[in-house]
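Data first, discussion second: the structure below is written as structure tokens.
The values are calculated or read from the model by the stated rules, or taken from the named source; none is laboratory data. In this text the structure is predicted, and so the values were computed from the model without any measurement. Here the Cβ positions follow ideal geometry from the backbone for every residue, glycine too, while neighbour counts run over all protein chains shown. To get the accessible areas, we keep the full protein, side chains included, count just its heavy atoms, and leave off ligands, DNA and RNA. Shrake-Rupley method; radii C 1.70, N 1.55, O 1.52, S 1.80 Å.
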Amino acid sequence: MLRFLLHAAIVVLLTILTQIGGLAWLAACMFRRKLLAFLLTYSAMTVAVIFIAPAFGRTALSCASNGPLQVQSWIYCASNRNYVTPQLADVLEQTAITMDKRYPGTKTLVLDANFPFFDGFPLLPHLSHDDGEKADLAFYYQDEAGYLAGATRSPIGYFAFEPGASDCPKTWPSLRWDFAALQPLWPDVTLDRQRNRAILQLLAEDPRTGRIFVEPHIAQSLNIAHQNIRFQGCRAARHDDHIHLQLR
């Protein structure tokens with residue numbers, strides 16, 4: 001019974017994290033060397049998903065691109081969190097191209113997007129990445145020498161929060177993690193105000209864009225205001241470490 005519960009927990013966890021991982025683990029349980037079988041099965045399924053996802057209205061953002069639009073970490077690709085609708089893919093690609101033309105050498109980095117299959121399947125810990133029409137983008141950063149192409153403050157682009165005032169009370173339940181112990185670990189670089197303001201303006205003015213979430217103090221510091229740039233609310237995750245984009 002304990003063994004069954006252990007395998008059930010693994011299936012649930014892998015499904016939550018990758019959508020297809022639970023199925024890969026079930027297949028691996030038929031083999032003696034489960035871990036090796038899982039890795040091989042999961043890898044094969046991950047490749048196959050790239051070709052199956054279009055039937056579900058999703059397309060994979062390239063994890064091998066060296067162009068203006070890139071997935072920030074292999075983690076998002078390995079966990080199948082790099083899928084979007086064709087329309088959102090076009091918004092992201094055209095925005096990245098425009099940013100590169102306006103500021104040569106600019107790399108626009110995508111963080112969490114969506115899983116490949118089924119609307120309504122949650123991409124935890126996000127509350128809304130469940131239909132292929134949402135994606136998170138990393139901020140652009142700079143140091144004393146200037147813009148840092150392809151750089152983020154944290155290894156995964158999240159949880160390196162920018163300082164600023166907030167009116168949100170510390171209530172529960174809430175996803176407004178502070179991770180105060182992590183903040184001193186991040187490199188001492190700052191937001192590239194010019195590029196971050198430019199991409200927010202481009203996205204906000206795109207007629208296909210619905211909402212853009214950033215913390216109010218970020219928008220204020222960048223001196224940008226638009227009806228599509230909004231506050232996500234006090235119970236959702238903080239958005240002073242990334243930009244959330246969703247279609248109309």
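Only residues that are under 19 Å from T95 (Cβ atoms) and open to solvent by 20 Å² or more (accessible area, probe 1.4 Å) were counted in segment 228-248, giving 4. For the condition touching a residue at least 24 places away in the same chain (Cβ under 8 Å) and either farther than 30 Å from T152 by Cα or out of contact with any His (no Cβ under 6 Å at 6 or more places or on another chain) (or both), what is the one hit in A89, A8, A48, A64? Result of the check over A89, A8, A48, A64: A89.
Going by what's in this entry, would E93 be described as open to solvent by 50 Å² or more (accessible area, probe 1.4 Å) and touching a Pro at 6+ places or on another chain (Cβ under 9 Å)? For E93, the condition - open to solvent by 50 Å² or more (accessible area, probe 1.4 Å) and touching a Pro at 6+ places or on another chain (Cβ under 9 Å) - is met.
The set of residues from segment 179-201 being in contact (Cβ under 8 Å) with a residue 60 or more places away in the chain and open to solvent by 40 Å² or more (accessible area, probe 1.4 Å) comprises just one member, Q194. Which members of segment 44-90 meet the condition of being part of a loop (DSSP other than H, G, I, E, B), open to solvent by 40 Å² or more (accessible area, probe 1.4 Å) and in contact with a helix residue (DSSP H, G or I) (Cβ under 8 Å, 6 or more places away or on another chain)? C63, the sole residue that qualifies.
Based on this model, can you work out whether G146 counts as surrounded by fewer than 17 Cβ atoms within 10 Å (Cβ to Cβ), closer than 30 Å to G67 by Cβ and among the small types (G, A, S)? Against the criterion (surrounded by fewer than 17 Cβ atoms within 10 Å (Cβ to Cβ), closer than 30 Å to G67 by Cβ and among the small types (G, A, S)), G146 qualifies. Selection of segment 99-130 for residues being more than 19 Å from A204 (Cα to Cα) and not in a loop (DSSP other than H, G, I, E, B) yields only N114. Candidates in segment 202-227 are the residues that are without any contact (Cβ under 8 Å) to a residue 40 or more places away in the chain and β-branched (V, I, T); of these, the one that is surrounded by the fewest Cβ atoms within 10 Å (Cβ to Cβ) is I224. Per the listing R81, R153, the residue uniquely under 18 Å from the mean Cα position of the chain (by Cα) and under 20 Å from A219 (Cα atoms) is R153.
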